[in-house]
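J.: Have a look at this one before I ask anything.
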Amino acid sequence: MIKAIFFDIDATSYIHAIKDSPESTKKAFRKLKEAGYRLGICTSRSYPEMINLPEHFWELMDAVVCLGGAQIMIDGNLVVNHTLDDEIQSVIQLLDETSTPYRWVTSTSEGYLSQHDQWVEDLNTFLYQMIPPIKKYNKEKLVHLLFYPEDEPLHQTIKDMCRKNYYLRLRRSSEITAPGINKGHGILECARFWNIEQNEIAAFGDANNDLPMIQTAEIGIAMGNATELLKQHADYITDTIENDGLYKACIHFGWIKEDE
């Protein structure tokens, strides 16, 4: 029996065009909460990148898994903090030498951009309605690194450099977390904190970085707007976010009931 349900944010439970969740998603969150399910966000965003989210994300979620599993907050308290292996120093050195912009987040949840870059700053404004401050990295202890190379081979070069840290390729960027740390690991840590078994977890996602979470959950649900890779590994494919996909899936599995 499912006891905990996790949701990616962007394009799963939040639409950038309206800077909000669909009304059906908000309804699903409320009904799930009333029915006694544990709810959690599971995102690659940093905590500062979530500050402009609508209030229902904060009011209804029992856990916030940030930075692809690197940090976890439960009931507003930071309970998990996975730092990167020191091999990341060589990666950052290469990024600096090639003038490649990157966003880095410290173990104290502070996020910064390495340099001014109009495309990256515009992307942050569109996605998060904020731009991290610009600061040169100075060997601080990190929990997450996100970089935006213009040169395609640089993705592969840095992937090869990550012999210990967990590397994940995204669309226009790549992210690095601590060894073995990803969204799937993050939801398992929350479940252990709540004394919930792996087969009592469900998860919703839309992008390739949701794959570990979808595969880890007992029921992994891909949105109708998800990538083909995610759909191939999902247990169930629902409708798109714009067509109430999240709400419809919750109805399908009997976690909530439609209004009479």
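The values are calculated or read from the model by the stated rules, or taken from the named source; none is laboratory data. Keep in mind it's a predicted model, so treat the numbers as computed, not measured. Because the Cβ atoms are built from the backbone with ideal geometry, glycine has one as well, and the counts that use them run over all protein chains shown.
The rows are residues; the columns are (1) over 24 Å from M1 (Cβ atoms); (2) buried (at least 17 other Cβ atoms within 10 Å of the Cβ); (3) in contact (Cβ under 8 Å) with a residue 40 or more places away in the chain; (4) of a type in the set (S, T, Y).
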| position | (1), (2), (3), (4) |
| --- | --- |
| A222 | no, yes, no, no |
| A234 | no, yes, no, no |
| I237 | no, no, no, no |
| C250 | no, yes, yes, no |
| E258 | no, no, no, no |
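J.: Those residues that are out of contact with any strand residue (DSSP E or B) (no Cβ under 9 Å at 6 or more places or on another chain), closer than 17 Å to I92 by Cα and crowded, with 17+ Cβ neighbours inside 10 Å, I need them from region 108-158; list them, please.
T.: D117
J.: Within region 12-71, take every residue that is within 19 Å of I187 (Cβ to Cβ) and of a type in the set (K, R) and give me the one that is surrounded by the fewest Cβ atoms within 10 Å (Cβ to Cβ).
T.: Ranking the qualifying residues of region 12-71, first place goes to K33.
J.: So, in region 199-210, exactly how many residues are in contact with a helix residue (DSSP H, G or I) (Cβ under 8 Å, 6 or more places away or on another chain) and more than 13 Å from G186 (Cβ to Cβ)?
T.: Residues that pass the stated criteria total 5.
J.: Further, regarding this structure: Using the structure shown, decide if R171 is free of Cβ contacts under 8 Å to residues at least 60 places away in the same chain and under 30 Å from V91 (Cα atoms).
T.: Judged against the criteria, R171 is a match.
J.: I would also like to ask the following. Applying the selection to region 204-237, what residues are at pLDDT 95 or above, touching a strand residue (DSSP E or B) at 6+ places or on another chain (Cβ under 6 Å) and not in a strand (DSSP E or B)?
T.: M213, I214, A217, E218, L230, K231, A234, D235
J.: Quick one: in region 159-174, which of the residues that are surrounded by 18 or more Cβ atoms within 10 Å (Cβ to Cβ) and not hydroxyl-bearing (S, T, Y) is farthest from L211 (Cα to Cα)?
T.: Top of the filtered list is C162.
J.: State whether the residues of region 74-83 include one that is under 26 Å from T240 (Cα atoms), in contact (Cβ under 8 Å) with a residue 40 or more places away in the chain and not basic (K, R).
T.: no
J.: Counting only residues that are surrounded by fewer than 20 Cβ atoms within 10 Å (Cβ to Cβ) and without any contact (Cβ under 8 Å) to a residue 60 or more places away in the chain, which one in region 198-216 is nearest to E228 (Cα to Cα)?
T.: If we take residues in region 198-216 being surrounded by fewer than 20 Cβ atoms within 10 Å (Cβ to Cβ) and without any contact (Cβ under 8 Å) to a residue 60 or more places away in the chain, then N208 is nearest to E228 (Cα to Cα).
J.: Same structure, new question: Considering region 41-98 alone, what residues qualify as being modelled with pLDDT of 95 or more, β-branched (V, I, T) and farther than 27 Å from I18 by Cβ?
T.: I72, T83, I88, V91, I92, T98
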